[in-house]
Each structure stands twice: as structure tokens, then as C-alpha cells.
Amino acid sequence: MARRRIYPSPASTPLIEQQEPLHTPLDRERIINTALELLRTEELANISMRRIADALGVKAAALYYHVKDKDQLLHGLAEQISKQIPFPDASLAWRDQLALWASSFRHTLNQYRDAVTIMGATIAGSPTRLAHIEYLYRVLFEADFPDARIPWLAAMVKNFIMGFADEERRLLDRASDNGETMEEMSEDYADRFQSLPQDQYPHVIRLASITTAPDLDAEFAFGLGVLLDGFEASRQ
């Protein structure tokens, strides 16, 4: 006699629970974003592949499949930084657009240590960085600046922002590294200037409190305004 097969009923069969992966899959974007977060508090010189791997909880060798070397890492960081800079409303006047763009660029650079170094050490050939160049060129073109001047003017705006942000970030980092607030560091430098020989440095002493405790937002806006005034005058 043939044997009867007995199948377990659905009710008596335990369901296999679907489990979430133990680790988020490793990819290029995750590696770059991790490095970027490390740059909020650490210098670029300390951001090695091993340091990034430690932050991700993986071995350094696993990173090289997605990011082959430090050069690729730097270009990826520059692209991610650029993605954080918003494009102003195109309906605004050209000066207002450039002022908003410049302010956003400066703010983004100040979020990360050595961001200016990263931007300056890499070629602007990635999609977002090219989009920002295209944006600046379009704004200046629509403002009736001659084609021969547009690349120069765009470079002047970028260089002003990066130079200002670089000095500003260095001040912030110096205060942080010394365990001081910006106000405490400013008072220390003011005291040093005030102690200089009066007959040799009368103006340094007279302007010490302004020099050592500047309003950086106002200074940036003033400098950018002077630059854009020069742009305006060049069209006449």
C-alpha cells in the first residue's frame, strides 16, 4: 500500500521572519558622507582611509572598491560640499542673487575644517560644481556683462568667498584648538596690541578693539558689496 504523505498545515508552520541587514551596505556616497562628517571636527590630514573605515566599522580594504585613492576622496568631498550650496531665486536682481549665493557658499565652507583646501585642490569637473559655474555665468550673462569678462568676474567672486572663509575658519579652529571662545581669543589679542609701543604702532593700538573683534558677517557683506560695485562700474 502506498504511503500517504502528510503535509504540515499552514497554521502549524512557523513563519520565517524577514530580518533587516545587520549593516547598511557600503557604497561611495556613504564613504564620502562619513568623511565629510569627520571634517566637522577633524583636520583633513587626519582623515585617512583607515580613519574613515574605523568610523564605518569596516576594514580599510573594503573602501578601495568604491573610492580608489585620496584623490577620488577629495573630489567626492568637493562634490558633496557643493551640493549643500543652494541656488538663489532666478527672478531676483543679479546682485541679490550673487550676494545670496556667496553667503550660502561661505556658510557651507565654514561647516567643515579644510573645506577651502579641498575645493582649491580639486578640479571643478563634477556635475554639481559645473552647475554652480553655469549658474554664475548665466547670472552675469543676463546682467549684460561681456563674455570676455564673465569668467574673470565669476572667479573674483569665488576667490573672495574662499579667501574670506579660509581666514575665518582658521580663526575658529585656532580658538577651538586653544580651548577658547572667539571672544576670549579676541580679548587676548586686543591686550597684546594694546601693550605695543605707542610711538611705533599708534594706529594698530587705536584700532585694536575693532581689529580683534570684527563683525565678520558685516565685513563679508561690505567686502562683497565693494566687489560688486566694481563689477557695476566696469560696465560703464
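The values are calculated or read from the model by the stated rules, or taken from the named source; none is laboratory data. Since the model is a prediction, treat every value here as computed from it, not as a measurement. Reconstructed Cβ throughout: ideal geometry from the backbone, glycine too, with neighbour counts over all protein chains shown.
The condition of being under 22 Å from Ala45 (Cα atoms) and in a helix (DSSP H, G or I) holds for only one of Arg95, Arg170, Arg138, Arg129, that being Arg170.
Looking only at the stretch 71-92, how many residues end up being charged (D, E, K, R) and more than 30 Å from Ile47 (Cβ to Cβ)? Let's see the steps before the verdict.
Start the filter on the stretch 71-92 by keeping residues that are charged (D, E, K, R), which leaves 71, 79, 83, 89.
Narrowing the set further to residues that are more than 30 Å from Ile47 (Cβ to Cβ) leaves 89.
Qualifying residue count for the region: 1.
Scan Asp188, Asp177, Asp199 and give me the residue that is farther than 30 Å from Trp152 by Cβ and surrounded by 13 or more Cβ atoms within 10 Å (Cβ to Cβ). That would be Asp188, the only listed residue that is farther than 30 Å from Trp152 by Cβ and surrounded by 13 or more Cβ atoms within 10 Å (Cβ to Cβ). Of the candidates Arg113, Arg106, Arg95, Arg138, the single residue that is among the basic types (Lys, Arg) and at pLDDT below 95 is Arg113. Restricting attention to the stretch 26-81, the residues being among the acidic types (Asp, Glu), surrounded by 15 or more Cβ atoms within 10 Å (Cβ to Cβ) and in contact (Cβ under 8 Å) with a residue 60 or more places away in the chain number 1. What pairs can you find where one residue is in the stretch 131-147 and touching a residue at least 24 places away in the same chain (Cβ under 8 Å), the other is surrounded by 11 or more Cβ atoms within 10 Å (Cβ to Cβ) and among the aliphatic types (A, V, I, L, M), and their Cβ atoms are less than 7 Å apart, with a gap of 6+ or different chains? As it stands, the answer is His132/Ile85; Leu136/Ala154; Leu136/Val157; Val139/Leu98; Leu140/Ile150; Leu140/Leu153; Leu140/Ala154; Phe145/Leu153, since those pairs meet every condition given.
Looking at this structure, is Phe193 over 30 Å from Gly230 (Cβ atoms) and not acidic (Asp, Glu)? Against the criterion (over 30 Å from Gly230 (Cβ atoms) and not acidic (Asp, Glu)), Phe193 qualifies.
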